[in-house]
1. Taking segment 25-44, which residues are within 30 Å of D8 (Cα to Cα) and in a loop (DSSP other than H, G, I, E, B)?
2. Looking at this structure, is G145 assigned by TED's automatic domain parsing to the domain that holds L2 and either more than 24 Å from the chain's Cα centre (by Cα) or not in a helix (DSSP H, G or I) (or both)?
3. Using the structure shown, decide if L56 is closer than 14 Å to K36 by Cα and either in a strand (DSSP E or B) or assigned by TED's automatic domain parsing to the domain that holds A34 (or both).
4. Condition test on E4, is it without any contact (Cβ under 8 Å) to a residue 12 or more places away in the chain and loosely packed, with under 11 Cβ neighbours inside 10 Å?
5. Condition test on M186, is it modelled with pLDDT of 85 or more, within 27 Å of L324 (Cβ to Cβ) and within 23 Å of the chain's Cα centre (by Cα)?
6. Quick one: which of M186, M154 is in a helix (DSSP H, G or I) and assigned by TED's automatic domain parsing to the domain that holds V22?
7. Restricting the search to segment 16-37, which residues are touching a strand residue (DSSP E or B) at 6+ places or on another chain (Cβ under 6 Å) and of a type in the set (D, E, K, R)?
8. For segment 76-95, check the following and say yes or no: at least one residue is touching a strand residue (DSSP E or B) at 6+ places or on another chain (Cβ under 7 Å) and within 30 Å of A134 (Cβ to Cβ).
Amino acid sequence: MLTEVANDLVARIKKVPGAVDVETTVKPGLPAYAVKLKESAIRELGLTAPQLAASLRAYVNGDVATYWTTPDGNQVEVLLRLPIEQRQRIDQMLKLPVAFAKDGSPISLDQVATIEPVFNPEVIRRQNLQRREAVFAGTEGRPSGDVNADVQKMIKTLELPPGVSFNVDGAGKQQAEAFKGLLAAMGLAVIFIYIVLASQFGSFVQPIAIMASLPLALIGVMLALLITGSTLNVFSMIGLVMLMGLVSKNAILLIDFANQARKGGATIPEALLQAGLVRMRPIIMTTAAMVFGMLPMALAFNQGGEIQAPMGRAIIGGVITSTLLTLIVVPVLYSYLVRERKPKLKAEASHSASVAGMTLAPGGDD
């Protein structure tokens, strides 16, 4: 039953687009012959399978009848079995006596059992004390995640016999676990970045404008992977985690310079304009350095480099788009989130001057 289910699953997986080299651990096995007792022999003679096996084992493999002591004192086993010319064919086995009737007449094997050709498995595989057969498959022409999703949907539609279950494992399961870990790492990175920025800037609002550049990097990542024909795999996800720190750097340069300009008395539009003019050059220089540094990895000229190429391509696309959009989006958000400071000192000074003028005027008339 397990073999039939495994072979049926192999036939179904081969029809999934992108699945190649579908193999299974089910093998034809070694040819052998199975001796099966007849129900009449069990019922009328009380013959059991162990008794029948013992009789046949003595005929074919032999049984130690006694020991013979050699002249030098060594004991040798005396093995009793049929001559080789009488145990070469199945038809000879059928005529061998394996039991005796009440009157003492011998009963041959063909009267109490049948011999059928079978195939014994070379290896019996078990998992958690249960029989197991594995099915392996590779992918070609489609992302492994898409192929794995189609296989999962196909498995859910199968009606399994009682006692048979599926356990999906291998690279697909490991990739899903790696994705979960990387998503958790990205979430923690966002939280820690916000905590650090809020403590450094002394504000809970300004970090929001800085962290708005993080989703802008995703646009470039997806476009870069789409243009180059790469997939969102473990390496491209690692590139996303790296982009968390690289992308927020440009926004930090803008916001920090704008804060310094506002302390000098500039308004918010003036501070943002100065920040964009002064910090544009270092931002572009650092972006260009990162792009050209990741270019050899993205081109994957060396052998095996295509495995790590998605990470370089994701970083390049994310850095470029985030740099261009950060210079536009971050200043706009900053202007909405941060309020203009009120000129308290000037207002108080003008108010005190007007009060002094009013008090001095009557004295002049006198």
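1. Passing the criteria: T25, V26, K27, P28, G29.
2. no
3. yes
4. The answer is no for E4.
5. So M186 fails the test.
6. After applying the criteria, what remains is M154.
7. Once the filter is applied, which keeps residues that are touching a strand residue (DSSP E or B) at 6+ places or on another chain (Cβ under 6 Å) and of a type in the set (D, E, K, R), segment 16-37 yields D21, E23, K36.
8. Checked against the condition, which is being touching a strand residue (DSSP E or B) at 6+ places or on another chain (Cβ under 7 Å) and within 30 Å of A134 (Cβ to Cβ), segment 76-95 yields no hits at all.
The values are calculated or read from the model by the stated rules, or taken from the named source; none is laboratory data. Quick caveat, the model's predicted, so the values are computed rather than measured. All Cβ positions, even for glycine, are placed from backbone atoms using ideal geometry, and neighbour counts span all protein chains on display.
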